[in-house]
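Participant: Take this structure, written in structure tokens, and hold onto it; I'll ask about it next.
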Amino acid sequence: MKHVLAVCGFGVGSSMVLKMQVEKAFTELGIEAQVDNTDISSATSMNPDLIYTSAEFADQLEGQVRCPIISIKQFMNYKEVLEATRQIDL
């Protein structure tokens, strides 16, 4: 099972929305993974297989994590999350 993080500044509001979108996309694509939401500080100390976040936080995470980072512009846009998920190799 893969471990995936949805990351925002405080790990509460927008990361929870993104987590739900990622879980929905994974279900549709038949991908098994544990998806958690967290804040940017905690994300750097975890060892996930993949991170979804905003472009702003993706820039901050670069070089601090060893996994791919998926930058999402609109967390509420399921189609964007689904298309980004289709592009990765899990």
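Participant: Restricting the first residue to segment 36-48 and requiring it to be more than 20 Å from LEU90 (Cα to Cα), which pairs with a second residue that is assigned to a helix (DSSP H, G or I) meet a Cβ separation below 9 Å and a spacing of at least six or different chains?
Facilitator: Close Cβ pairs (under 9 Å, with a partner that is assigned to a helix (DSSP H, G or I)) amount to THR38/SER15; ASP39/SER15; ILE40/PHE57; ILE40/GLN60; ILE40/LEU61; THR44/GLN60; THR44/LEU61.
Participant: Quick one: count up the residues across segment 1-16 that are aliphatic (A, V, I, L, M) and either over 23 Å from ASP89 (Cα atoms) or assigned to a helix (DSSP H, G or I) (or both).
Facilitator: Step one: filter segment 1-16 for residues aliphatic (A, V, I, L, M), giving 1, 4-7, 12, 16.
Going one step further and asking which of them are either over 23 Å from ASP89 (Cα atoms) or assigned to a helix (DSSP H, G or I) (or both), we end up with 12, 16.
Total meeting the criteria: 2.
Participant: Moving on to the next point. Taking the condition in a strand (DSSP E or B), of a type outside the set (A, V, I, L, M) and more than 10 Å from the chain's Cα centre (by Cα), does GLN60 pass? Working first, answer last.
Facilitator: Numbers: in a strand (DSSP E or B): no; of a type outside the set (A, V, I, L, M): yes; more than 10 Å from the chain's Cα centre (by Cα): yes.
The answer is no for GLN60.
Participant: Does LYS73 meet the test of being part of a helix (DSSP H, G or I), over 13 Å from LEU90 (Cβ atoms) and among the basic types (Lys, Arg)? Even if it seems obvious, please write down each step before you answer.
Facilitator: Values: part of a helix (DSSP H, G or I): no; over 13 Å from LEU90 (Cβ atoms): yes; among the basic types (Lys, Arg): yes.
It is false that LYS73 is part of a helix (DSSP H, G or I), over 13 Å from LEU90 (Cβ atoms) and among the basic types (Lys, Arg).
Participant: Now for a separate question. Of the numbered conditions (1) basic (Lys, Arg); (2) part of a helix (DSSP H, G or I); (3) out of contact with any Phe, Trp or Tyr (no Cβ under 8 Å at 6 or more places or on another chain), ARG66 fails exactly one; give the number of that condition.
Facilitator: Going through the list (1) basic (Lys, Arg); (2) part of a helix (DSSP H, G or I); (3) out of contact with any Phe, Trp or Tyr (no Cβ under 8 Å at 6 or more places or on another chain), ARG66 breaks only (2).
Coordinate-derived values only; no laboratory data. These numbers were taken from a predicted model, which means no experiment stands behind them. Every residue, glycine among them, receives a Cβ derived from its backbone with ideal geometry; neighbour counts consider all protein chains shown.
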